[in-house]
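Undergrad: I am attaching a structure below and will ask some questions about it afterwards.
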Amino acid sequence: MLSCVNLACNHASTLANGFAMPDDARINEAIVAKLAKKDWLKRLEGAFIPHATEFHSADIKRSFLRFFDVTSLNVYFIEEFARHKLPHEIVLRTEQYLDSLVARALQQVNQGTSGATELITANGITRLASFNAEPLRLEARIFSPIMTSYFELYVKTDHLLRLLHTLRINRVIKIEDCDLERAMLKRHIKRIASAARRLSVGLRERVNALGSQPAPVSHPAPSDPQGTPGVVAPVDQAIAA
């Protein structure tokens with residue numbers, strides 16, 4: 001997932017009051033080491049676009065570590081492999097469902113960012129909070145339209161978290177309200193990753209069940225998907241979950 005990683009090499013320094021600053025490089029190096037330990041995407045042969053970015057908040061750094069690579073792999077299976085093995089309507093509904101999850105999450109993050117920005121302006125705050133550790137700078141490989149939006153969700157959530165901490169530190173919002181917002185934002189990211197995993201597993205089971213049978217003939221998605229018995233079960237089960 002990481003084709004290049006540029007980390008700041010700040011060593012711990014001692015403040016005048018005797019407290020030591022954390023070794024920022026080591027914090028990020030620990031995250032990078034875990035990312036490199038399991039390269040989920042090294043065997044993929046598809047085309048990708050590199051996206052360079054940096055993450056500031058610890059929440060997003062660790063969410064990226066836990067979910068992004070493996071979600072990329074699951075979505076790749078759906079878009080590239082299952083598409084050639086299963087009926088068109090199954091894959092289409094799966095992609096549409098995942099797209100809708102990401103779109104709803106992005107909408108909520110955009111609304112949260114607008115609200116937080118208005119509060120910052122209304123309270124005359126001119127300086128945003130910073131994080132003590134250095135940003136995690138990386139270049140991610142994006143194989144999929146869905147993952148383009150999912151990656152955007154990480155970037156925008158990282159920014160919103162900075163705004164929330166700014167409001168918390170300035171006593172505009174309560175600590176517990178900030179914590180609730182942080183938990184909700186992390187749930188958005190995890191929910192999409194979990195849905196992609198469930199759907200990928202369901203489609204993989206269908207592909208395996210085909211065995212040596214010829215691939216089914218693809219047809220355009222019906223106007224009423226429920227009219228095709230047994231076809232959309234994996235997607236419906238995920239929606240119900």
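The values are calculated or read from the model by the stated rules, or taken from the named source; none is laboratory data. Worth saying up front: this structure is predicted, and the values here are computed from it rather than measured. Positions of Cβ are backbone-derived with ideal geometry, glycine not excepted, and every protein chain shown enters the neighbour counts.
Undergrad: I'd like the full set of residues that are buried (at least 18 other Cβ atoms within 10 Å of the Cβ) and either touching a Leu at 6+ places or on another chain (Cβ under 8 Å) or farther than 12 Å from residue 199 by Cα (or both), limited to segment 88-100.
TA: Within segment 88-100, 89, 90, 91, 94, 97, 98 meet the criteria.
Undergrad: While we're here: Please count how many residues of segment 130-152 are of a type in the set (Phe, Trp, Tyr) and farther than 30 Å from residue 96 by Cα.
TA: Matching residues across segment 130-152 total 1.
Undergrad: Then there's this: Can you find, within segment 153-189, the residue that is surrounded by the most Cβ atoms within 10 Å (Cβ to Cβ) among those that are more than 18 Å from residue 65 (Cβ to Cβ) and among the acidic types (Asp, Glu)?
TA: By that ranking, first place goes to 181.
Residues are listed down the side, and each one gets a yes or a no for (1) farther than 16 Å from residue 60 by Cβ; (2) of a type in the set (Lys, Arg):
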{"residue": "92", "(1), (2)": "yes, no"}
{"residue": "119", "(1), (2)": "yes, no"}
{"residue": "122", "(1), (2)": "yes, no"}
{"residue": "137", "(1), (2)": "no, yes"}
{"residue": "140", "(1), (2)": "no, no"}
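Undergrad: How about segment 34-62: which of its residues are at pLDDT below 75 and of a type in the set (A, V, I, L, M, F, W, C)?
TA: 35, 36, 40, 41, 44
Undergrad: Select from segment 132-191 the residues that are within 12 Å of the chain's Cα centre (by Cα), charged (D, E, K, R) and more than 30 Å from residue 47 (Cβ to Cβ) and list them in ascending order.
TA: 186, 187
Undergrad: Residues that are without any contact (Cβ under 8 Å) to a residue 12 or more places away in the chain: list the helices (runs of 4 or more DSSP H) wholly contained in segment 46-139 that include at least 2 such residues.
TA: Those helices (runs of 4 or more DSSP H) span 88-122.
Undergrad: Would you check if there is a residue in segment 155-164 being touching a strand residue (DSSP E or B) at 6+ places or on another chain (Cβ under 8 Å) and aliphatic (A, V, I, L, M)?
TA: Checked segment 155-164: at least one residue is touching a strand residue (DSSP E or B) at 6+ places or on another chain (Cβ under 8 Å) and aliphatic (A, V, I, L, M).
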